Amino acid sequence: MADWQVIEGGVTAPRGYQGAGIAAGLKPSQELDLALIFSETEAIAAGVFTTSKVRAACVDYCRQRLQAKRSARAILCNAGQANAATGEQGWQDALSSAQLLGNSLNIPPDTILLASTGVIGKSIPMDRLGKAIPQLTGALTPDGSDAAAKAILTTDLVPKSIALETIIDNRPVRMGGIAKGSGMIHPNMATMLAFITCDAAVSTSLWQEMLTEAVGHSFNQVTIDGDTSTNDTVIALANGQSRTKAITTLEKDGEKLAAMLVSLCQYLAKAIARDGEGATCLIEVQVSGAPDQKAARQVARTIAGSSLVKAAIFGRDPNWGRIAAAAGRAGVPFHQDQLRIQLGDFLLMENGQPLPFGREGASNYLKLAAAGAYLQEDTVLISVCIGNGAGTGVAWGCDLSYDYVKINAEYTT
């Protein structure tokens with residue numbers, strides 16, 4: 001049983017944080033498109049970013065800022081323009097965005113972190129942004145998480161938000177998070193944005209270590225379509241406003257906080273997968289029997305990312321052969337005569353051989369029909385065992401529907 005509980009409030013649930021989201025006219029629609037998360041005191045900051053060689057200006061900006069100073073007061077995110085592949089002007093726009101916000105909040109620009117999401121190659125309309133900044137800072141409120149969560153969305157159908165609370169040093173410690181992501185989702189990192197707040201006191205290096213580990217167990221185990229973006233960003237702030245003792249190691253309280261961070265990130269990661277473009281279900285792949293955890297996670301990611309597996313699930317086809325083929329090409333050695341595949345409660349393959357399961361014979365047909373019906377559930381569980389090793393891993397994805405092609409074929413037109 002988890003040593004924490006879910007609470008209301010998202011990123012403003014922890015003490016000392018405010019949030020805001022407004023419609024600044026950055027999107028063609030009248031939707032919310034400019035978000036702000038603000039810590040009333042300076043917070044320890046950690047970040048994990050895209051591994052793409054084509055990066056948005058905000059990614060390079062945040063990396064540079066965090067290398068110089070591992071703390072921050074605010075996170076500003078615009079939706080509608082990725083500010084990627086925008087050259088020197090994109091970099092100058094990032095600097096100007098921080099300066100404008102710093103002036104409005106009366107804080108140094110180097111305590112502000114940035115994120116952008118939207119069409120690659122599109123610059124931020126700085127005239128609109130500049131006019132909107134005073135309105136944005138004026139909208140800050142301790143209840144502003146929901147507005148911020150909506151303002152970072154692009155093709156998402158729903159906002160993604162959660163907050164957790166635990167007890168450390170006999171005091172409540174809270175953690176909140178919001179995220180966006182629906183398409184161009186693939187590990188290293190998954191194409192998405194996530195912003196996390198916490199009111200614990202944590203050492204700088206440990207907070208970064210915790211975030212990197214949590215991303216490895218969550219956002220880097222999500223795949224929607226095999227594409228990684230230019231803007232992937234996870235930023236986590238910890239401002240110490242819970243007034244607990246500083247956590248400097250992973251022992252006891254540190255271990256609890258790290259586990260809560262993993263749980264929060266996994267919730268958001270699964271929410272992203274469930275909201276995949278055109279998706280009708282969430283796919284969870286559990287792999288066991290691998291030589292180690294890294295190998296298990298690699299097999300799980302490969303299966304979850306297989307277009308053939310995803311298409312079969314959309315078609316309600318319990319095609320074990322596609323799952324087996326994906327496991328076999330994952331780059332992890334195993335003996336195929338030890339392969340075991342289960343779809344929900346339906347065992348499809350054992351000891352590398354398919355079980356009687358097909359269109360011949362009344363009982364086999366009933367099994368096939370029941371498995372096909374299972375694939376109509378909101379969440380589909382694929383369990384795969386590849387041997388006798390101790391390594392286990394989980395990955396998440398979604399099915400591949402006709403709507404995915406339609407959404408992305410018309411993305412800029």
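The values are calculated or read from the model by the stated rules, or taken from the named source; none is laboratory data. Just so it is clear, the structure is predicted and the values come from calculations on it, not from any experiment. Please note: Cβ atoms are built from the backbone with ideal geometry, for glycine as well, and neighbour counts cover all protein chains shown.
Details
- Set GLU377, GLU410: member being closer than 25 Å to PHE219 by Cα and modelled with pLDDT under 95: GLU377
- Any chance GLN30 is over 18 Å from the mean Cα position of the chain (by Cα), closer than 24 Å to LEU211 by Cα and not hydroxyl-bearing (Ser, Thr, Tyr): no
- Flag if MET184 is at pLDDT 95 or above and in the same structural domain as LEU250 (by TED's automatic domain parsing): no
Listed here are the residues, each with its yes/no results for (1) more than 23 Å from ALA139 (Cα to Cα); (2) not aliphatic (A, V, I, L, M).
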{"site": "ALA24", "(1), (2)": "no, no"}
{"site": "ARG65", "(1), (2)": "yes, yes"}
{"site": "ASN78", "(1), (2)": "no, yes"}
{"site": "GLY90", "(1), (2)": "yes, yes"}
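One line per residue, one yes/no per condition, for (1) closer than 20 Å to GLU377 by Cβ; (2) in contact with a helix residue (DSSP H, G or I) (Cβ under 6 Å, 6 or more places away or on another chain); (3) assigned by TED's automatic domain parsing to the domain that holds GLY176:
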residue: ALA290; (1), (2), (3): no, yes, no
residue: ALA300; (1), (2), (3): yes, no, no
residue: VAL309; (1), (2), (3): yes, yes, no
residue: PRO318; (1), (2), (3): yes, yes, no
residue: GLY344; (1), (2), (3): yes, yes, no
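- Tally of residues being out of contact with any Gly (no Cβ under 7 Å at 6 or more places or on another chain), in a strand (DSSP E or B) and either of a type in the set (Gly, Ala, Ser) or crowded, with 21+ Cβ neighbours inside 10 Å (or both) across segment 145-165: 2
- Scan of segment 1-23 for residues that are aliphatic (A, V, I, L, M) and not in a helix (DSSP H, G or I), ordered by number: MET1, ALA2, VAL6, ILE7, ALA13, ALA20, ILE22, ALA23
- Taking the criterion of being in contact (Cβ under 8 Å) with a residue 24 or more places away in the chain, over 22 Å from ALA74 (Cα atoms) and over 19 Å from the mean Cα position of the chain (by Cα), the residues of segment 1-27 that qualify are ALA2, ASP3, TRP4, GLN5, ILE7, LYS27.
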